[in-house]
Structure formats: structure tokens, C-alpha cells
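Encoded as C-alpha cells, the structure appears first; notes follow it.
The values are calculated or read from the model by the stated rules, or taken from the named source; none is laboratory data. The model shown is predicted, which means the values in this text are computed figures rather than measured ones. Cβ sites come from the backbone with ideal geometry, for glycine too, and all protein chains shown count toward neighbours.
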Amino acid sequence: MLHIYHGDGKGKTTAAVGLAVRAAGAGLKVLFMQFLKNGSSSEIKILSGIDGITVMCCEECSKFTFEMNSDEKLAVAAKHDNMLRTIGDLLSQNNADVVIMDEFLDAYNKAMLNKELAERVIMDFSDTAEIVLTGRSPDEIFIEKADYISHVTAEKHPYSRGITARKGIEY
């Protein structure tokens with residue numbers, strides 16, 4: 001089944017982390033992939049230590065996309081494509097029950113990955129595994145395929161008062 005957690009509010013990754021922990025606790029094999037994130041978010045250390053959860057991040061992604069030059073964008077896109085191929089390989093071998101693709105929607109919308117490859121992986125395997133996509137502005141192809149859609153809306157957020165992201169809370 002395909003899950004989408006999207007919107008401008010805080011909690012998309014948090015919900016995905018919660019599902020990863022729940023699934024691992026039930027004995028399911030979880031693949032937690034972070035697109036556009038280099039592994040420095042606080043949840044990665046804990047998730048990496050949980051039996052049944054495999055974590056992969058994009059170490060090449062050390063900047064926001066608007067700060068990257070074209071070579072850096074190409075390197076990140078290549079890493080994302082490798083991550084997608086890994087997902088496809090693991091799913092085709094039945095080595096994952098739940099695949100969380102954190103910040104995937106943003107990577108997809110910014111063309112920071114091969115869209116055809118991404119669509120193929122999601123469409124081919126969302127009937128045999130739980131696939132979770134997080135980020136903003138899901139494409140219509142994913143909305144139509146989705147079994148779950150949760151829209152996370154920011155009604156109030158400290159950022160609007162100039163408070164930047166805080167370690168352990170937003171990352």
C-alpha cells in the first residue's frame with residue numbers, strides 16, 4: 001500500500017519514524033531512506049540501532065538544493081537513483097516489508113532523481129509492500145495510487161516568529 005504524508009506542517013518525518021518503529025516492533029523488515037538529507041537528523045542514530053530497520057541517507061546532500069551548483073545537484077541525483085535501485089532490488093527479493101522514502105516528494109518535484117525510475121519502483125511494489133512518501137506537493141500520479149494520504153498543515157509554528165529549527169525537535 002502507498003502512504004503519503006505531505007504538507008507544510010511539522011510531523012511528516014516524525015510520523016514516518018513512528019511507523020518504522022511500529023513495523024520493526026511487529027517483526028517487519030523496514031527500509032528507511034532519506035532523500036535530500038545527509039544522515040545528520042537526530043532520528044537516524046536511533047533508527048540505525050533498531051533490529052529490523054535499515055537506514056540509508058544521501059551523504060552527498062550537505063546543502064539545501066538552492067545552494068548547490070550543477071555538479072553537486074548531479075551527484076545528489078545520482079545517489080538518489082542508486083537509492084531507488086536499492087529499494088527496487090530489496091523489494092524484488094522480498095527483503096523489505098515497509099519502505100519509507102523520507103523527503104522523496106521534494107526530491108521528485110525538484111528533479112533530483114530519475115522520475116521514471118521512481119515511478120516504476122513505487123507503482124511496481126506498492127501492491128506488495130508498504131511504501132511511505134513524505135514531503136510537499138505530491139504529484140497526481142502518487143495521489144491516484146495512494147491508499148493513505150495524511151495532510152500535515154502548519155496552523156502555528158515557531159518559525160513564523162523567527163525561531164529556527166531545533167535539534168531533537170525539528171531535526
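Can you tell me which residue among 124, 89, 147, 139 is touching a residue at least 60 places away in the same chain (Cβ under 8 Å) and of a type in the set (D, E, K, R)? Just one listed residue meets the conditions, 147. Looking at (1) modelled with pLDDT of 95 or more; (2) within 23 Å of residue 170 (Cβ to Cβ); (3) not β-branched (Val, Ile, Thr), which is the only condition residue 78 fails? Just one mismatch for residue 78, condition (2).
Each row is one residue, and each column tells you yes or no for (1) at positive phi; (2) in contact (Cβ under 8 Å) with a residue 12 or more places away in the chain.
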position	(1), (2)
118	no, yes
128	no, yes
134	no, yes
164	no, no
168	yes, yes
171	no, yes
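Taking the criterion of being in contact (Cβ under 8 Å) with a residue 60 or more places away in the chain, crowded, with 16+ Cβ neighbours inside 10 Å, out of contact with any His (no Cβ under 6 Å at 6 or more places or on another chain) and of a type outside the set (A, V, I, L, M), the residues of the stretch 12-45 that qualify are 12, 13, 29, 32, 34, 37, 41. Counting only strands (runs of 3 or more DSSP E) that fall entirely inside the stretch 82-151 and contain at least 1 residues that are closer than 24 Å to residue 51 by Cα, the qualifying elements are 98-102, 130-135.
Looking only at residues in the stretch 46-64 that are surrounded by fewer than 15 Cβ atoms within 10 Å (Cβ to Cβ) and modelled with pLDDT under 95, the one that is farthest from residue 110 (Cα to Cα) is 59.
Criterion applied to 105, 91, 74 was being of a type in the set (A, V, I, L, M, F, W, C), over 18 Å from residue 136 (Cβ atoms) and buried (at least 18 other Cβ atoms within 10 Å of the Cβ), and the one residue passing it is 91.
Every condition in (1) among the small types (Gly, Ala, Ser); (2) closer than 20 Å to residue 41 by Cβ; (3) modelled with pLDDT under 95 holds for residue 160 except the one numbered (2).
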